[in-house]
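Remarks on the structure that follows.
Each reported figure results from applying straightforward, stated rules to the coordinates on display, with no laboratory input. Keep in mind that what you see is a predicted model, and the values were worked out from it rather than measured. Because the Cβ atoms are built from the backbone with ideal geometry, glycine has one as well, and the counts that use them run over all protein chains shown.
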Amino acid sequence: MKKIVVLNGSPHAHGCTAALAEKVVKAAEQRAAEVKTYHLNTMNIKGCQGCFRCQQTGRCATEDDMQPIYDDIAAADGIVLASPVYMWSMSAQLKAAVDRLFAFLRPEHQSALTPGKKVLLLFTQGQNDTNMFRHYFEHVGKNMQFMGFGDYDILVAGGTHVAEHVYSQKDVLEDAERLGKWLSE
Ligand SMILES: Cc1cc2nc3c(=O)[nH]c(=O)nc-3n(C[C@H](O)[C@H](O)[C@H](O)COP(=O)(O)O)c2cc1C
């Protein structure tokens, strides 16, 4: 059974990002994956303090709600980084958690992660053109690989302002199903 961790950086618990993430989660769960979703907006996750203690001790020194996420990611087979596009990038809620993943790096940029963890980058955006920010999504994916994660894929819904805008896009929902299955394999 595969373990998947979803980090949702949207402020809307029932918004577009949550709607799309739910489709992925359902597809994965139908294939017996165990999925844990974190709604970062309601959590206490500070920005990285840049103390580099993680490099010495192997553990982030900031004792907040990021700590259980570290444990879950360490044990996971895959993660989903989910966010609305805010100002051409991920939301601040997700960025704070992503910066904190630095704690998985050891001196000389060695990764403490077990290899092969899949990454799904899931974004929703107001812009209809789903290629508009693709260079940025790829950039995030490559950063995750540098961190020691494995293959990544990208799922984007465009023209979304409320959850219904996600539900009405058959091709995006099919992609969500396919990628949920991919995560569970
Ligand atoms: C502060 C803010 C910044 C945004 N910036 C962008 C942007 O740069 N590009 C874009 O296409 N949509 C942008 N949007 C629209 C959201 O990305 C889009 O509506 C998203 O699907 C909302 O997801 P949610 O319901 O999970 O919050 C922005 C919305 C807000 C509130």
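Observations, loosely collected:
- Selection count, region 104-132, where residues are part of a loop (DSSP other than H, G, I, E, B) and at negative phi: 12
- Only a single item in (1) closer than 17 Å to Ala157 by Cβ; (2) hydrophobic (A, V, I, L, M, F, W, C); (3) within 16 Å of the ligand (Cβ to nearest atom) is not met by Ala27, and it is number (3).
- Qualifying residues in region 4-22 (those that are touching a residue at least 40 places away in the same chain (Cβ under 8 Å) and away from the ligand (no atom under 11 Å from the Cβ)) - the one farthest from the chain's Cα centre (by Cα): Ile4
- Enumeration of residues in region 161-185 that are of a type in the set (Val, Ile, Thr) and buried (at least 17 other Cβ atoms within 10 Å of the Cβ): Val166, Val172
- Within this structure, Asp129 fails the test of being of a type in the set (Asp, Glu), touching a strand residue (DSSP E or B) at 6+ places or on another chain (Cβ under 9 Å) and more than 18 Å from Tyr86 (Cα to Cα).
- Candidates Cys51, Cys60, filtered to the one that is surrounded by 19 or more Cβ atoms within 10 Å (Cβ to Cβ), away from the ligand (no atom under 16 Å from the Cβ) and over 15 Å from the mean Cα position of the chain (by Cα): Cys60
- One residue from His161, His165 being part of a helix (DSSP H, G or I), touching a residue at least 12 places away in the same chain (Cβ under 8 Å) and over 19 Å from the mean Cα position of the chain (by Cα): His165
- Test: residue in region 87-100 that is surrounded by fewer than 13 Cβ atoms within 10 Å (Cβ to Cβ), within 16 Å of the ligand (Cβ to nearest atom) and within 27 Å of Val172 (Cβ to Cβ): yes
- Scanning region 43-99 for residues that are within 21 Å of Ala28 (Cα to Cα), among the acidic types (Asp, Glu) and in contact (Cβ under 8 Å) with a residue 12 or more places away in the chain yields Asp72, Asp77.
- So Gly141, is it within 21 Å of Lys181 (Cα to Cα), part of a loop (DSSP other than H, G, I, E, B) and out of contact with any Ser or Thr (no Cβ under 6 Å at 6 or more places or on another chain): no
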